[in-house]
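Read through the structure below, which is laid out as structure tokens, and then see the notes.
Every read-out reported here was derived from the displayed coordinates using simple, explicitly stated rules and does not represent laboratory data. Owing to the predicted nature of the structure, the values given are computational and were not obtained by experimental measurement. A quick note on method: Cβ atoms are made from the backbone with ideal geometry, for glycine too, and the neighbour counts reach across all protein chains shown.
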Amino acid sequence: MRLRNVTGSREVIAASPYVIQEALQPDCAGAWNKVFGNSQPVFIEIGMGKGKFIHTMAREHSDINFVGIEKYSSVLLRAVQKMEQEELANLKFLRMEAEDITRVFGSGEVDRIYLNFSDPWPKDRHAKRRLPSREFLQRYRVILKADGRLEFKTDNRELFDFALAELAPAGWCAEAVTYDLHHDEKLMEGNVMTEYEEKFSGMGNPICKYVIYPRA
Ligand code: SAH
């Protein structure tokens, strides 16, 4: 997602109490319980966009800490504005590139990772940039608890097939797979729609989803 450059978004983000500032991000690794002031589980969304999903999740699950990650200030600004409307103590934001994720979370510190409607990067030579690629799965393995889970939703069938094919070479296993989430009663339990999910399912596109875990 890319929004028109919003004037002042960098300044708002630099002053926001909901955003962990860049200089302080490395101090969070291994210390998220200090950031939140409790030892609740940590769930993260990488590429959260305007933050509808993670904000709703944090509201519905006050016993879990949530961290939303987004690389563009102009997009993150929307999530910050939602927090200004409805502040939640168990939600923080990071403006950063997902490539650097292992610098911000300690080994085994994360209980669940959400990828929702990640950018497809359709050219073969950009495969490494796809958030469900084996290169990224390697990074997620470091920060995820041994019994942690990663959930991925997309309406992009090519990206989903790619993501499934990455599992075996990266040493991950699927716990659940669907090509039509909205007609899967079990996987729909507690489903929170993302912005893209509303848009694309509204256009009639089926939504694919997997839940995966790293092999020991
Ligand atoms: N999850 C939201 C937005 C999907 S669009 C939804 O489902 O509605 C994908 C988002 O991921 C965009 O906002 C984009 O800026 C962000 N993104 C893509 N690659 C990223 C990366 N490497 N690091 C951080 N954010 C990224």
Revision key, fill the gap. For segment 70-175, Rg(Cα) over 2.2 N^0.38 Å is 1.15
Study note, to complete from the structure: Whole-Å distance linking the alpha carbon centroid of segment 38-78 with that of segment 104-171 is 17
Practice item. For every other residue with a beta carbon closer than 9 angstrom to the beta carbon of residue 211, add +1 if it is Lys or Arg and -1 if Asp or Glu, then tell me the sum. Key: 0
Practice item. Take the alpha carbon atoms of segment 137-203, find their radius of gyration, then divide it by 2.2 N^0.38 Å using N residues; give the quotient. Key: 1.22
Review point. Around residue 43, with a cut-off of 12 angstrom between Cβ atoms, what is the net charge of the other residues, counting Lys and Arg +1 and Asp and Glu -1?
Key: -2
Practice item. Take every Cα pair under 8 Å in segment 54-168 that's 6+ residues apart, average their separations, divide by the length, and report that relative contact order as a whole percent. Key: 24
**Study point:** Whole-number Å³ per residue for the convex hull built on Cα positions in the chain
**Key:** 124
Review point. Is it possible to state the helix-based mean residue ellipticity at 222 nm for the chain, with each DSSP H run of 4+ residues giving -39500 (n - 2.57), the sum divided by total residues, to the nearest 500 deg cm²/dmol? What is it?
Key: -9500 deg cm²/dmol
